[in-house]
Amino acid sequence: MKKDLLRISELSRDEIEGLLRRAIELKSMQKKGISHQPLAGKTMGMIFEKSSTRTRVSFEVGMMQLGGNAIFLSPRDTQIGRGEPVSDSARVLSRYLDGIMIRTYSQEMLEEFAKYSGVPVINGLTDLLHPCQVLTDLMTIKEKKAGLRDLKIAWIGDGNNMANSWIAAAARLGFELSLATPASHRPDSKILEEAERNGAKINLVESPLEAAKDADVINTDVWASMGQEEEYEDRKRLFASYQVNSELLTAAKSDAIVMHCLPAHRGEEITDEVMEGPQSVIFDQAENRLHLQKAILEKLLG
Ligand code: CP
Ligand code: NVA
């Protein structure tokens, strides 16, 4: 049976750990110049209803490095953008393709597509979740910190798609997750309840300093996500005290690392000084999208 990757909560702890281990192996193979092409002859379609630099390029390059091909499908130039039903598009495209990655607004649309697709579907970001990014971030932490289980991870800012995927990861892997968001912008309540039912160690607070206290990892993201452009000015005011800056870093452990999925708005959610500083692992994190996604592609399309 085909397997999709729509949410981290669909993966078991063993599956997540397997992906992280494999991504680290694939990275080391690539650095040594070892060719590995298990997807020769396979093609993945990539539907982007929102912009992307990292997700698009890393999936496309990842497919090529694994011996396959990737096709970029813009809704503007396909019938998807003209209202062809999702269930029809999914059935047609999956007769040509071996896998489909989708970046879209609605998680329901993605799940509807996956229901009708005969080939694996990968979530390349929705308004609700960004699983490939958080799996990459876990890989990056594993490289920098060895184990994950005993860490305190802090999330500073919006309770958005990234925060929701972090919550799902905490439920599976058992690390402590402390999220500082304004009360009006907490993460998704259903995701939170599900994670708490599964024993996740989650702490929701309003104070960034409280979340960052003694943390091993400090994580942030933009204050206005794609699709929230009209709220940008209001959000800038609301989130002004949720900035990852050198003062906030002093609350964390002295060897804490700083992460951001990018793109960043320097001077808003993170200062230039912290982004370029010695504790930032942000560009390693961006590179790891390639390696982690190759592990996903190998598992689902291989
Ligand atoms: N982090 C991330 O998903 O980046 P892109 O929007 O550039 O794909
Ligand atoms: N939360 C951001 C992540 C971008 C990769 C957004 O959805 O725009």
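The values are calculated or read from the model by the stated rules, or taken from the named source; none is laboratory data. The model shown is predicted, which means the values in this text are computed figures rather than measured ones. Reconstructed Cβ throughout: ideal geometry from the backbone, glycine too, with neighbour counts over all protein chains shown.
Below is a table of values for the structure above.
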item	result
Selected residue (only one of SER241, SER178 is under 19 Å from the mean Cα position of the chain (by Cα) and either of a type in the set (Ser, Thr, Tyr) or at pLDDT below 95 (or both))	SER178
Residue within the range 102-121 that is more than 15 Å from ligand 2 (Cβ to nearest atom), modelled with pLDDT of 95 or more, of a type in the set (Gly, Ala, Ser) and surrounded by fewer than 17 Cβ atoms within 10 Å (Cβ to Cβ) present	yes
Residues of the range 150-185 satisfying the condition of being over 16 Å from MET139 (Cα atoms), of a type in the set (S, T, N, Q) and in a helix (DSSP H, G or I)	ASN161, ASN164, SER184
Lone unmet requirement of (1) within 16 Å of ligand 1 (Cβ to nearest atom); (2) surrounded by 14 or more Cβ atoms within 10 Å (Cβ to Cβ); (3) among the polar types (S, T, N, Q); (4) at pLDDT below 95 for THR55	(4)
Long-range neighbours under 8 Å by Cβ, at least six apart or interchain, first residue crowded, with 18+ Cβ neighbours inside 10 Å within the range 20-35, second assigned to a helix (DSSP H, G or I) and of a type in the set (S, T, N, Q)	ALA23/THR136; ALA23/ASN288; LYS27/ASN288
Where GLY157 falls short, out of the listed (1) free of Cβ contacts under 8 Å to residues at least 40 places away in the same chain; (2) closer than 17 Å to GLU268 by Cα; (3) among the small types (Gly, Ala, Ser)	(1)
Qualifying positions in the range 270-302 - of a type outside the set (Val, Ile, Thr), within 15 Å of ligand 1 (Cβ to nearest atom) and under 17 Å from SER165 (Cβ atoms)	GLN285, ALA286, ASN288, ARG289, LEU292, GLN293
Unmet criterion (only one of (1) part of a loop (DSSP other than H, G, I, E, B); (2) within 23 Å of ASP284 (Cβ to Cβ)) for GLY118	(2)
Options SER189, SER178, SER165: the member that is free of Cβ contacts under 8 Å to residues at least 12 places away in the same chain and polar (S, T, N, Q)	SER189
Members of the range 124-149 that are part of a loop (DSSP other than H, G, I, E, B) and either surrounded by 24 or more Cβ atoms within 10 Å (Cβ to Cβ) or within 16 Å of ligand 1 (Cβ to nearest atom) (or both)	GLY124, LEU125, THR126, ASP127, LEU128, LEU129, HIS130
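For every residue, the table says whether it meets (1) within 16 Å of ligand 2 (Cβ to nearest atom); (2) touching a residue at least 24 places away in the same chain (Cβ under 8 Å); (3) not polar (S, T, N, Q).
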position: GLU230; (1), (2), (3): yes, no, yes
position: SER241; (1), (2), (3): no, yes, no
position: LEU249; (1), (2), (3): no, yes, yes
position: ILE270; (1), (2), (3): yes, yes, yes
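Residue-wise test of (1) under 23 Å from LEU125 (Cβ atoms); (2) surrounded by fewer than 13 Cβ atoms within 10 Å (Cβ to Cβ); (3) touching a Ser or Thr at 6+ places or on another chain (Cβ under 9 Å).
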position	(1), (2), (3)
LEU177	yes, no, no
ARG186	yes, no, no
GLU196	no, no, no
ALA200	yes, no, no
ASP214	no, yes, no
THR220	yes, no, no
MET226	yes, no, yes
VAL244	yes, no, yes
ALA252	no, no, no
